[in-house]
Amino acid sequence: MRSLLITGLVCMCLSLPATAQEAGVTLPAGATLLNISATERIEVAQDQLVANIRIEKTMADSRELQQDINRLIKQALEIVKDFKTVEVSTDQYYVYEYNTKTQNLWRGTQGLTLKGKDADDILEVSGKLQDLGFLMNGLGYQLSSEKYEEVRDGLLELSLKKLMARAKRVGITIDKPDVDLWEVNVDAAPSPIYPQPVMMRTMMADSGMAEKSFAAPPVAEAGKNEISMTVSAKVLLK
């Protein structure tokens, strides 16, 4: 098995100089250009809790409805201010009219997004807002952008070390132990890591079923995300 592996690597290396010359790259005499890559991956505990919570009201008067929603949103923001670890942002605001068999009504809703690394604070704030009549849309952990970049930087170093070790192993195998990196490419970061939902409740007003706020603060548990890093390079073996 080992002899087959070595033979395959040698064939790969020896075929590359011709390709490099065709691409306009001039190699030193007796050198071989090697295309090689290495990947490192790790599972990382999610460190940020995200809660999506909303207020929803139905009234006959649209102005009164909007005033009530605005009052509750302001009250909610005042509550959040007491929790310094919690980031808050307002979500889209909807007001629309709908008809029942007996009358025309107005329904309005606006949401808040709460983020923080102190899960206890997020859960406590969520509970307080539910006591005001807010409804939980979703609650989930995610990996913060700061932690994500920190982990990726660490994986970059590990991937480069692995790539260099592989290149040296190939060089020793074909009796060209001097290794130079000519070109290094790092894979682009993937899409943002979205929260893993712990709890999700949907509006069911059309079916006549209304959501109820929780009697106690919600509960959440962090999961893990796998992060990977791939590095590829053109390596000159001499």
* **Whole-angstrom gap from the range 44-81 to the range 98-123, using each part's C-alpha centre** => 6
* Under-5 Å amide H pairs with Q48, H placed in peptide plane, nonlocal only -> Q142, S144
* Once phi is turned into θ = phi - 60°, what whole-Hz ³J(HN,Hα) does the Karplus curve with 6.51, -1.76 and 1.60 give for every residue of the range 120-134, x standing for Gly and Pro? -> 4, 5, 4, 5, 5, 4, 4, x, 5, 5, 5, 5, 7, x, 6
* **Pairs beyond 21 Å (Cα-Cα), from K81/K128; K162/K238; K162/K224** => K162/K224
* Cα gyration tensor of the range 83-194 - equivalent ellipsoid semi-axes, whole Å, descending -> 55, 18, 10
* Structure fact -> Amide H contacts under 5 Å for L135, restricted to residues at least 5 apart in sequence or on another chain and with H modeled in the peptide plane, are R54, I55, E56
* Asked: Label I174 and A29 with points 7 Å out from Cα along Cα→Cβ: what is the distance between them in nm?
  -> 1.9
* Structure fact -> Everything considered on the Cα gyration tensor (a ≥ b ≥ c; rounded for a/c under 1.5, else prolate if a/b is larger than b/c, else oblate), the range 107-159 must be described as prolate
* To do: Set the Förster distance to 41 Å, then compute FRET efficiency between Y96 and V186 from the Cβ-Cβ distance, nearest 0.05.
  => 0.30
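Every read-out reported here was derived from the displayed coordinates using simple, explicitly stated rules and does not represent laboratory data. Bear in mind the structure is a predicted one, so any value in this text is a computation, not a measurement. Note that each Cβ is placed from the backbone with ideal geometry, even for glycine, and that neighbours are counted across all protein chains shown.
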